[in-house]
1. Among 99, 135, 124, 169, which is the only one that is at pLDDT below 95, buried (at least 21 other Cβ atoms within 10 Å of the Cβ) and either of a type outside the set (Gly, Ala, Ser) or under 20 Å from the mean Cα position of the chain (by Cα) (or both)?
2. Starting from residues that are of a type in the set (Gly, Ala, Ser) and outside any helix (DSSP H, G or I), keep the ones in segment 101-133 and report whichever is nearest to residue 168 (Cα to Cα).
3. Looking at segment 212-221, is at least one residue at pLDDT 95 or above and at positive phi?
4. Evaluate segment 178-186: report whether one residue or more is small (Gly, Ala, Ser), open to solvent by less than 20 Å² (accessible area, probe 1.4 Å) and on the phi > 0 side of the Ramachandran plot.
5. Could you check, for segment 130-145, whether at least one of its residues is out of contact with any Pro (no Cβ under 8 Å at 6 or more places or on another chain) and within 30 Å of residue 253 (Cα to Cα)?
6. If you take the residues in segment 28-53 that are outside any helix (DSSP H, G or I) and at pLDDT below 90, which one is surrounded by the most Cβ atoms within 10 Å (Cβ to Cβ)?
7. Out of contact with any Asp or Glu (no Cβ under 7 Å at 6 or more places or on another chain), over 30 Å from residue 253 (Cβ atoms) and loosely packed, with under 13 Cβ neighbours inside 10 Å - does that describe any residue in segment 64-80?
8. Determine which member of the set 145, 150 is charged (D, E, K, R) and part of a helix (DSSP H, G or I).
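The values are calculated or read from the model by the stated rules, or taken from the named source; none is laboratory data. Remember, it's a predicted structure, so these values are computed and weren't measured experimentally. Reconstructed Cβ throughout: ideal geometry from the backbone, glycine too, with neighbour counts over all protein chains shown. Side chains are part of the model used for accessible areas, which takes the heavy atoms of the whole protein and leaves out ligands, DNA and RNA. Shrake-Rupley method; radii C 1.70, N 1.55, O 1.52, S 1.80 Å.
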Amino acid sequence: MTSQSQKFWLSREGFTADVLGKLLQRTLLSPWKTLPLILLAHYTTKGRGIAHSNPRAFQALKVLTSLAVLRRINAFLNRRALNNGVQDIYDWNREVVVLTGGSNGIGKQIATLLGGRGVKVAILDIAPPKDGASLPSTVRFFECDITSSDNISEAAAAIRKSMGEPTILINNAGICSSRTILGGTEAQTRLQFEVNTLSHYTLAREFLPSIVKRNHGMVVTVASQAGYTVTPNMVDYSATKSAAIAFHEGLGAELVTRYNAPRVRTVLVTQSFVRTALIDKLTPEDTWFNPLLHPETVAERIVSQVLRGESGHVLVPGSTGWVAKCLRGFPGWVQHGLRVRLERLMRAD
């Protein structure tokens, strides 16, 4: 099997629910494939004969076609609304990306992918990448504690002097204590909010004014599906990610209503659990419906969205992502039952 066919049929995580979903989207839920069949059934003698002799199959085809068309219309309206109905052009040889938590995990993969395309990336982290020499030449490391506004200001000044004015901010850094509410300390909870949530505000205050002034740029918020689904043994982490989602949603609305910057893009990332040090004390499941993701998978989806230069929502995997996003609309007994089940999956060592 070629690498291209592997990319189409499988993923790094193997044959998962997302792979099946993409296959259905490209076939049964693709209007470009079902609409021609409807037209043939209406306007050709042979097509009318087949439809007449197979009424149930033809009815199913019409339902699938309707769903496919509605899905495309909904996607178009979502994309238009999130981008305020305006387009923008990105010159990737001139854009400057600030990436927090870029020394390892998902962040390092993002830096590698963007740097490989010649994009200038400034990594903000408390420690440099272990094999920084392997990173592309356009990627630079700036030591920075993002819980300190003074550190952020100093790093920002150094970035502006050596790389130029940043146009893209990727809030990727995150930590997780993996403790129960009573099992953690005040310091541990505060630190999670400082890193996972409050740093987004401090970094935005540092870099967003110039982005708004140009009416050009992007803010990427890497949250988590835990922000939709409160998970036992990591309630504080779930709370920080819920707050990060609220930050993203509020920022998108303020950019167009208060700052007159409709071309500034906002991207939300809600991924499930990834094979990084963040979850080394947890026991997440790795199943067909809810696979344990590779950092490369998430990074590729983020970079793909960034390079499109559009606002959007990176939801990976889509299977558990859809359930998590819709959870608040489910009956209470379903919500509570799911949280109880998650405790068994996310039990710390």
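1. 135
2. Taking segment 101-133 as the starting set, the residues that turn out to be of a type in the set (Gly, Ala, Ser) are 101-103, 105, 107, 111, 115-116, 118, 122, 127, 132-133.
Next, from what is left, pick out any that are outside any helix (DSSP H, G or I): 101-103, 118, 122, 127.
Numbers: 101: 15, 102: 14, 103: 18, 118: 15, 122: 10, 127: 22 Å.
Result: 122.
3. yes
4. yes
5. Yes; the residues of segment 130-145 include at least one that is out of contact with any Pro (no Cβ under 8 Å at 6 or more places or on another chain) and within 30 Å of residue 253 (Cα to Cα).
6. Within segment 28-53, the subset outside any helix (DSSP H, G or I) is 28-30, 44.
So of that shortlist, the ones also at pLDDT below 90 come out as 28-29.
On the way: 28: 15, 29: 19.
Ranking the qualifying residues of segment 28-53, first place goes to 29.
7. Within segment 64-80, not a single residue is out of contact with any Asp or Glu (no Cβ under 7 Å at 6 or more places or on another chain), over 30 Å from residue 253 (Cβ atoms) and loosely packed, with under 13 Cβ neighbours inside 10 Å.
8. The match here is 150.
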